[in-house]
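Since every read-out is calculated from the coordinates, none of them should be taken as a lab result. No experiment lies behind these values; they were computed from the predicted model shown. Methodologically, a virtual Cβ is constructed for each residue, glycine included, from the backbone with ideal geometry; neighbour enumeration extends over all protein chains shown.
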There are 2 protein chains.
Amino acid sequence: MSTVSIRHLNTSTPDFEQAFHRVLHWSAETDHAIEERVAAILADVRQRGDAAVLEYTARFDGLEVDSMGALELTRDELKAAFEAITPAQRDALEAAARRVRAYHERQLQACGLSWQYRDEDGTLLGQKVTPLDRVGIYVPGGKAAYPSSVLMNAIPAHVAGVGEIIMVVPTPRGERNALVLAAAYVAGVSRAFTIGGAQAVGALAFGTTTVPRVDKITGPGNAYVASAKRRVFGQVGIDMIAGPSEILVLADGTTPPDWIAMDLFSQAEHDELAQSILLCPDAAYIDQVQAAIDRLIDGMPRRDVIRASLEGRGALILTQDMAQACAISNRIAPEHLEVSSSDPHRWEPLLRHAGAIFLGAYTSESLGDYCAGPNHVLPTSGTARFSSPLGVYDFQKRSSLIEVSEQGAQTLGLIAAELAYGEGLQAHARAAELRLKPADGSDGVTR
Amino acid sequence: MSTVSIRHLNTSTPDFEQAFHRVLHWSAETDHAIEERVAAILADVRQRGDAAVLEYTARFDGLEVDSMGALELTRDELKAAFEAITPAQRDALEAAARRVRAYHERQLQACGLSWQYRDEDGTLLGQKVTPLDRVGIYVPGGKAAYPSSVLMNAIPAHVAGVGEIIMVVPTPRGERNALVLAAAYVAGVSRAFTIGGAQAVGALAFGTTTVPRVDKITGPGNAYVASAKRRVFGQVGIDMIAGPSEILVLADGTTPPDWIAMDLFSQAEHDELAQSILLCPDAAYIDQVQAAIDRLIDGMPRRDVIRASLEGRGALILTQDMAQACAISNRIAPEHLEVSSSDPHRWEPLLRHAGAIFLGAYTSESLGDYCAGPNHVLPTSGTARFSSPLGVYDFQKRSSLIEVSEQGAQTLGLIAAELAYGEGLQAHARAAELRLKPADGSDGVTR
């Protein structure tokens, strides 16, 4: 048993605001050297295509091949990877995929369908919802290679009806992660390339002879990938740029303290910048959680990362009551929010900003990470104030539909012309007026 | 009558692809001088707040005042502006606002509501949809001051339930646009400041003593505003960065040619970079449209801008048939797409990418700009491949909801643990396993 020196704060002390501010402070410093190298790589890939991608893959991933063909993973290779993992792993991947698919199918029904109506003049109004033609999914290689992320990116795209899903995954020195390839097989990606970094983002955004140009790129990556995604935004769509992962636990003291300690660990083990925070109105319970942390830390294989994360960025915060804990949670707008309470539905309505809300003691965040069904790609660093989990809607776009009836054009034409003249846009006004029936009762059309 | 030298292309000629490529080519060159000035302004506003905003407003807008208070427009001032415009203008603004509101209320019902369900294990899954707390709306001042844009940005935010809507609008040398202020009154913005440029974007993104920090900034602006929005993205949400406006007309030859000519003008009059393209399988009809253009151009007050736009970026394209016209339209993914046909519903299903689709001869694009109901803030420059009109959904965000039942935790725990061990995340696995019931039939909780 060893003590983990995690910060203890108390909302009733005078220095709380200052200490709380220090806990929250995190900023992604822009590294100018990275920015410039990424700009150069993108420009090169745009101009030289496959040749540039081959060179950077040899240089950065230590993977030297003669042609882009050697960097494509065939469907047979993905299938072989699936068959090579253990039966338990195959079952788990397939069960997770099934649940993730079922949830996103509900999401499609709930908010992803076309709609239209006619107003009293017979004018048709609505929105047509269509899938993107082709998307690229970036999957990190190396130490943070997560097969679950393949499912979480590819399945919503599939459910949305995306025609082609192109996966890129770097394989440093040719090392392939069998579970990632198996997940690509289960999720049904259309094509996969063993490329990564800014060069992979560039290949997807601009297209090369071998890699098809996509309409949107999703998926996490390192600083080079994040910078490249930012730069190609506009050329293609991108999802959010992710910061370090975070968990906030609101506890009323009714959950076994070991469970809470392990949930805090599960976030902390991601990396040293990950953040785990507990908000609780029960001082004795906070002590029990601290004791559980101290008792359990040594049994964790990733204890060094967990300790660094908890001591660097973690906090156990004593609040006056659960309502105050909810108010503080709204200021943080966490990625993952556990409401570990015997009465979670009492607090849920008070929670306005969070990527995902996990209700009740049985809902460990890790169940959501893998297989509950909802997406595990969530807004970080307070961006839950204005953004949403990855979903079917990220792989669709909308077109407004308008069919103005002849009668509707008479009313709308007068309004539009008045406003257009007010804006000094006379052609707009005239275009509306041409659709008005003349007073002589003819149809106004000069043929 | 004067000839407008608009490009005529024919899909059947060998050089079509090359000529078509030249028509489409447009790229927003990044201006490094602007980039650096914007970065400096943002850093200064972040650090010095109101003082910096006051200085830049004096320097760039020629508007010198003693305090930020003098840069706030009171509700009374907005009301006075509304009362000072003509009754016809008041009626038109209110009628447009009513229709835009009605459409966006339908949108909220169709795709903006929370949803949830329970699976066979009693596990609750869903998404909670909530409005953003506070948004900023950028409204350009000067030559392109559009009251309709105030309605199109503020009303969806209102319908979404946004708590506070902060408008910023530069008033160079103190010149206020009465229609813009009146529109702000009709749309019900919460507060309004006469500031603009990168300094206004910075004030909204970081907050100052006077200007509250917002969660998202929407609305069009010049190169400085666009660059500033790109830079604060992540700190706050932003909408799309808009390029020049575009219209594509698919015509089967049944609409009066004057109507089509005026619709092309209405896009071209925005600015010289705006793009108007006609696709039509009827060569004689294209000649009629050209004749109408030549006949009507001299009567347009904005004829110089219209001519520059049509000659620089416009095109009349002869296609083999309407199906080919639809296929070319999908390659362009236009902002505005008119299907000027006697049978528009025959072609609509073939159209996959467009910001807004206007069906039938009576649906001039200008009706959609002002009052049909759908939003006029639309994806430009081919971004309709992956993005959507501004809508209620831009002022909402989603939180996943998960409540795993005790029984659900037994199944999900095994799947999650298997995958977590496979990813080397043992704390994730243990957190799931702690929720499993032990074989001895106890509840597994150590108290």
Item to complete: Under 1.5 on a/c is rounded, so check that first for the protein assembly as shown, then, if it is not, pick prolate when a/b is larger than b/c and oblate when it is not; a ≥ b ≥ c are the square roots of the alpha carbon gyration tensor eigenvalues.
Response: prolate
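In what sequence do B:H428, B:H336 fall when counting other Cβ within 10 Å, fewest first?
On the way: B:H428 30, B:H336 27.
Ordered from fewest to most neighbouring Cβ atoms within 10 Å, B:H428, B:H336 come out as B:H336, B:H428.
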Worksheet entry | Evaluated at q = 0.15, 0.16, 0.19, 0.20 Å⁻¹: base-10 log I(q)/I(0), Debye formula over Cα of the stretch A:20-108 | -0.94, -0.93, -0.90, -0.92
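Using the 10 angstrom Cβ neighbour count as an exposure proxy, how do B:I415, A:I328 rank, fewest first?
A:I328, B:I415
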Practice prompt. Among A:L378, A:L350, rank each residue by its count of other Cβ atoms within 10 Å, from fewest to most, as a rough exposure measure.
Written response: A:L350, A:L378
Practice prompt. Using the Karplus curve 6.51 cos²θ - 1.76 cosθ + 1.60 with θ = phi - 60°, work out ³J(HN,Hα) for each residue of the stretch B:399-412 in order, rounded to whole Hz, and write x for Gly and Pro.
Written response: 10, 5, 10, 9, 10, 7, 6, 4, 5, x, 5, 5, 6, 5
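Run the numbers on chain B and let me know its relative contact order in percent, using alpha-carbon pairs under 8 Å that are six or more apart.
Numbers: 859 pairs, mean separation 89.1, N = 447.
Relative contact order, chain B: 20 percent.
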Worksheet item: Given H placed 1.01 Å from N in the peptide plane, which residues other than close sequence neighbours of B:G136 have an amide H under 5 Å from its amide H?
Response: B:I166, B:D215, B:K216, B:I217, B:T218
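What number, in nm² with one decimal, is the all-direction average of the projected area of the convex hull of the alpha-carbon atoms of the stretch B:147-296? List each step's numbers first, then the result.
On the way: hull surface 47.0 nm².
Reported value for the Cα convex hull: 11.8 nm².
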Response to the item:
Once both label points are put 7 Å beyond Cα along the C-beta direction, the A:S67-A:Q18 separation in nm becomes 6.8
Worksheet item: Tell me which A residue has its C-beta closest to the axis rotating A onto B, and the distance in Å?
Response: A:C111, 2
Worksheet item: When the helix-only estimate is applied to chain B (DSSP H runs of n ≥ 4, each -39,500 (n - 2.57), divided by the residue count), what is the mean residue ellipticity at 222 nm, nearest 500 deg cm²/dmol?
Response: -14000 deg cm²/dmol
Worksheet item: Can you list the residues, at least 5 places off or on another chain, whose amide H is less than 5 Å from the amide H of B:E246, using H built in the peptide plane?
Response: B:Q275, B:E335, B:H336
Response to the item:
Projected convex hull area of chain B, Cα atoms, direction-averaged, in nm², equals 29.3
Worksheet entry | Residue-by-residue Karplus 3J(HN,Hα) for the stretch B:106-114, coefficients 6.51, -1.76, 1.60, Hz, glycine and proline x | 4, 4, 4, 5, 6, 8, x, 10, 5
Worksheet item: Cross-link list A:K397/B:K397; A:K128/A:K229; A:K128/B:K229; B:K128/B:K229; A:K229/B:K128; A:K128/A:K437: which exceed 23 angstrom alpha carbon to alpha carbon?
Response: A:K128/A:K229; A:K128/B:K229; B:K128/B:K229; A:K229/B:K128; A:K128/A:K437
Practice prompt. Using the Karplus curve 6.51 cos²θ - 1.76 cosθ + 1.60 with θ = phi - 60°, work out ³J(HN,Hα) for each residue of the stretch A:15-20 in order, rounded to whole Hz, and write x for Gly and Pro.
Written response: 8, 4, 4, 5, 5, 5
Worksheet item: Which Cys residues of chain B have no other Cys beta carbon under 4.7 Å away?
Response: B:C280, B:C326, B:C371
Worksheet item: In peptide A:343-352, how many Cβ atoms from other protein chains are near each Cβ within 10 Å, on average?
Response: 2
Worksheet item: So who's got an amide H within less than 5 Å of the one on B:L359, skipping anything under 5 residues away but keeping other chains? H placed 1.01 Å off N, in plane.
Response: A:I402, A:E403, A:V404, B:V339
Practice prompt. Could you work out, for the stretch A:356-447, what percent of all Cα-Cα pairs fall into each 10 Å distance bin, beginning at 0 Å and stopping at the bin that holds the largest distance?
Written response: 13, 24, 15, 11, 15, 15, 6, 1
Worksheet item: Over all residues in A:391-399, what is the mean tally of Cβ atoms on other chains that come within 10 Å of each residue's Cβ?
Response: 6
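If you take each beta carbon of peptide A:98-105 and count the beta carbons of other chains within 10 angstrom, what is the mean? Kindly include the intermediate steps, with their values, before the conclusion.
Values: counts 1, 6, 0, 0, 3, 7, 0, 0.
The per-residue average across the peptide is 2.
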